[in-house]
Amino acid sequence: MYKVALTGATGMVGSRIVELLRSEFEFINLPQQQLDITNQNQVWHTLLNLDFDFFLHLAAYTNVDRAESEQETAYKTNVIGTQNIFNVVKKKRKKMIYISTGFVFDGKNPPFSEDSLPNPLGYYGKTKYEGERVLEHEAMIIRFDYPYRQEFAAKKDFVRTIKSLLEQNLPLKMVIDSTMTPTFIDDIAFGLRYLIQNYTPEVFHLVGADSLSPYSAAQLIAHNFNLNIDLIQPITYAQYSQNKAPRPQYSTLISLKNKFWPMKTFNEGLKLLRNQL
């Protein structure tokens, strides 16, 4: 059984990965209290004598808007932290998997595959791309977009946020002229299982089978959970973007390499989610 050390094991994505795959891999959780990834000495001393086969690096600074004003923190976490971990993993000759994001693209000529050239717009995307460049061609990079899952008390993803607001009969303004690629976290976990077992140091996209506008996504959520669709009103990307960090307008991600796990469409994922909840 492979031993997988990981950061971010208690986060929204990491906790579900551990939950679904713990019978197949031995997970070694490295919480922030135990491992400050920005502290080079602490990373070195913690990892050097730790017995693992893979290092799965999920932890990141992910607040897209706040990254613009907290650039030092975002950079230290997403770039320096990644470098610190990779230095030790490389020294030990172990394998590393780095989790990245569709925010490394500019959203201008979709769709974006593993072969597309990153050109991030906002500081969050820039730091995640810098993190990719730290270990390019020497570790596996997995990108996904807008992950969602069954109940997770610590944080609401966009699906449960929209569902909660509609349940409270609150009006929603959703963008009609942009795209997102919602990704069911269970699919990420099962795709990752294959990639660990068939490791190669290259880029993979584990993304949902379709892309749609936030407006259409909200309508599907309302439809699947029998909520009031009339509460959802369209706005433009330009209206939404005022006073926000720059984001890719058309975040349509596809995979040219995923022949190993069938990813769900957003509607298929919502139907499964409805049964799980």
Output the residues belonging to the range 115-150 that are in a strand (DSSP E or B) and hydroxyl-bearing (S, T, Y).
Y148
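Going by what's in this entry, would S23 be described as loosely packed, with under 15 Cβ neighbours inside 10 Å, of a type outside the set (V, I, T), over 22 Å from the mean Cα position of the chain (by Cα) and on the phi < 0 side of the Ramachandran plot? Outline the logic, then answer.
Numbers: loosely packed, with under 15 Cβ neighbours inside 10 Å: yes; of a type outside the set (V, I, T): yes; over 22 Å from the mean Cα position of the chain (by Cα): yes; on the phi < 0 side of the Ramachandran plot: yes.
It is true that S23 is loosely packed, with under 15 Cβ neighbours inside 10 Å, of a type outside the set (V, I, T), over 22 Å from the mean Cα position of the chain (by Cα) and on the phi < 0 side of the Ramachandran plot.
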Quick one: N226 ticks every box in (1) on the phi > 0 side of the Ramachandran plot; (2) in contact with an Asp or Glu (Cβ under 7 Å, 6 or more places away or on another chain); (3) of a type outside the set (A, V, I, L, M, F, W, C) except a single one, so which number is it?
(2)
From the list R22, R133, which one is closer than 30 Å to S178 by Cβ and among the charged types (D, E, K, R)?
R133
Which pairs have Cβ atoms under 8 Å, sit 6 or more apart or on different chains, and link a residue in the range 150-175 that is in contact (Cβ under 8 Å) with a residue 24 or more places away in the chain to one that is in a loop (DSSP other than H, G, I, E, B) and exposed (fewer than 11 other Cβ atoms within 10 Å of the Cβ)?
Q150/L277; E151/L277
G102 versus (1) without any contact (Cβ under 8 Å) to a residue 24 or more places away in the chain; (2) touching an Asp or Glu at 6+ places or on another chain (Cβ under 7 Å); (3) surrounded by 19 or more Cβ atoms within 10 Å (Cβ to Cβ): which is the lone unmet condition?
(1)
If the requirement is being crowded, with 21+ Cβ neighbours inside 10 Å and not in a helix (DSSP H, G or I), which of these qualifies: L47, L56?
L56
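If you check N224, N228, which single one turns out to be in contact with a Leu (Cβ under 7 Å, 6 or more places away or on another chain) and farther than 20 Å from D157 by Cβ? I'd like the intermediate steps shown before the answer.
Details: N224 fails: farther than 20 Å from D157 by Cβ.
Of N224, N228, the one residue that is in contact with a Leu (Cβ under 7 Å, 6 or more places away or on another chain) and farther than 20 Å from D157 by Cβ is N228.
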Among the residues that make up the range 63-81, is at least one of them without any contact (Cβ under 8 Å) to a residue 12 or more places away in the chain, more than 24 Å from K155 (Cβ to Cβ) and out of contact with any Pro (no Cβ under 7 Å at 6 or more places or on another chain)?
no
Across (1) under 21 Å from the mean Cα position of the chain (by Cα); (2) farther than 21 Å from L117 by Cβ; (3) not acidic (D, E), L231 clears everything bar (1)
Having 3 or more residues that are aliphatic (A, V, I, L, M), over 30 Å from F54 (Cβ atoms) and modelled with pLDDT of 95 or more is the bar; report the helices (runs of 4 or more DSSP H) wholly within the range 171-277 that clear it.
214-224
Return the total of residues in the range 241-264 being touching a residue at least 24 places away in the same chain (Cβ under 8 Å), over 18 Å from F112 (Cβ atoms) and surrounded by fewer than 18 Cβ atoms within 10 Å (Cβ to Cβ).
4
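Go through F86, F112 for me and flag whichever is in contact (Cβ under 8 Å) with a residue 40 or more places away in the chain, aromatic (F, W, Y) and out of contact with any helix residue (DSSP H, G or I) (no Cβ under 6 Å at 6 or more places or on another chain).
Numbers: F86 fails: out of contact with any helix residue (DSSP H, G or I) (no Cβ under 6 Å at 6 or more places or on another chain).
Only one candidate qualifies: F112.
The values are calculated or read from the model by the stated rules, or taken from the named source; none is laboratory data. None of the values given here were measured: they were computed from a predicted structure. As a convention, Cβ positions derive from the backbone with ideal geometry for all residues, glycine included, and neighbour counts pool all protein chains shown.
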